[in-house]
Every structure is written in structure tokens, then in C-alpha cells.
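Okay, so here's the structure we're looking at.
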Amino acid sequence: MQKSGFSNNITKPLLKELCAEHKIPWERERNFVLERLPVLFNYYILSPPRNSKDGVFAESFSLAGLIESIKFVFVGFIGVGSI
């Protein structure tokens, strides 16, 4: 992974060739929206809370959490150094 879509596309044929040479199976490309995003959503958003004793619903929909999120968005619009 080179963190660049362009370089990933350029090196893909070489990587396929090297995988075949070393008998490593090349898996098909996956659609991010339809195949990867639901898995990531389930893992990060729907996972149970780690440090909350109140449960998933109380942590996800608390008023204090919403207010903190709004503050972070507001501060982000003002500027990075204003925290």
C-alpha cells in the first residue's frame, strides 16, 4: 500500500506478476462502498462501548456527547489553533 491511488494502479501489474511467481493467490478487487464500508461500519460504529457502563444506546445518543461534537465542529471552523 503506497497511500496513492495512482501509484497503486501503476504497480498492480507488477504485483500480480510477483504473486503468481511466488504462488501467492491474487484476490479480486473489492468495491469500497458495497463490500468494505459495511464491514468497517459494523466494526467501528456498531461495536459495544469499551469504557461505558451505561450501554451502547446511552453512549451513542447522549446529549453531552452531541454538545461536545458540536463544539469540535465549531472550533474546527474557527481554526486549528483555537483549541
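The values are calculated or read from the model by the stated rules, or taken from the named source; none is laboratory data. The structure displayed is predicted, hence computed values, not measured ones. Note that we place each Cβ from the backbone using ideal geometry, even for glycine, and neighbour counts take in every protein chain shown.
Laid out as a table, the results:
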item	result
Unmet requirement for VAL39, which otherwise passes all of (1) exposed (fewer than 10 other Cβ atoms within 10 Å of the Cβ); (2) within 19 Å of the chain's Cα centre (by Cα); (3) not basic (Lys, Arg)	(1)
Among (1) loosely packed, with under 10 Cβ neighbours inside 10 Å; (2) part of a helix (DSSP H, G or I), the one test that SER7 misses	(1)
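Here is a yes/no grid of residues against (1) surrounded by 11 or more Cβ atoms within 10 Å (Cβ to Cβ); (2) in a helix (DSSP H, G or I); (3) at pLDDT below 75:
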{"position": "LYS3", "(1), (2), (3)": "no, no, yes"}
{"position": "LYS16", "(1), (2), (3)": "yes, yes, no"}
{"position": "PRO25", "(1), (2), (3)": "no, no, no"}
{"position": "ASN51", "(1), (2), (3)": "no, no, yes"}
